[in-house]
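Worksheet: one structure, shown below.
The values are calculated or read from the model by the stated rules, or taken from the named source; none is laboratory data. Every value quoted in this text rests on a predicted model; they were computed, and no experiment measured them. So basically every Cβ, Gly included, is an ideal-geometry build from the backbone, and we count neighbours across all protein chains shown.
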Amino acid sequence: MIIKFLLLLFLGGLIVLVSFLFGWYSDLTSLLSWWVANSLHFLGGIYAFFFVKFVFNATHKYHKTETAFLMKIIIFTGGALVLGVLWEWYEFIFIYNYGNGVFRLLPKSITIYHDTMTDLMFDLLGAASVGVYLIVKNGKNK
């Protein structure tokens with residue numbers, strides 16, 4: 001179980017590193033960079049869903065509660081959204097202090113709000129897509 005946890009942390013770190021390097025080296029003004037950035041947030045939502053699922057299942061021996069399948073999906077999706085919000089706080093601080101690319105073209109308040117809402121939407125879409133997939137998969141197994 002510890003190896004799976006370390007593998008998940010490594011994968012998450014890799015996603016963060018790729019996101020950071022992409023944002024640092026691209027000008028963020030092209031349509032391609034918008035698609036790549038939002039695709040990374042979508043993948044981040046998928047990752048966060050599985051990370052929260054792993055932590056939830058790993059701590060089952062401590063909380064010893066039975067949770068309905070649909071409630072687990074809601075918890076995992078909500079946890080992924082919380083991780084997305086934490087990432088946005090980091091991004092907000094970073095952009096506010098070191099903004100570059102498209103962030104120099106518009107007033108920061110408009111840019112940061114639009115960027116944050118778009119990022120959270122794609123985080124949630126990634127996590128929700130996994131949830132819908134698992135609901136459909138679980139429905140076919142019954």
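Quick notes on this structure:
- Enumeration of residues in segment 52-83 that are aromatic (F, W, Y), more than 19 Å from the chain's Cα centre (by Cα) and at pLDDT 85 or above: F69
- The single condition from (1) within 24 Å of A127 (Cα to Cα); (2) at pLDDT below 85; (3) surrounded by 11 or more Cβ atoms within 10 Å (Cβ to Cβ) that F49 fails is (2).
- Within segment 51-80, residues that are touching a residue at least 24 places away in the same chain (Cβ under 8 Å) reach partners that are assigned to a helix (DSSP H, G or I) and polar (S, T, N, Q) with beta carbons closer than 8 Å, at six or more positions or on different chains, in the pairs F69/N138.
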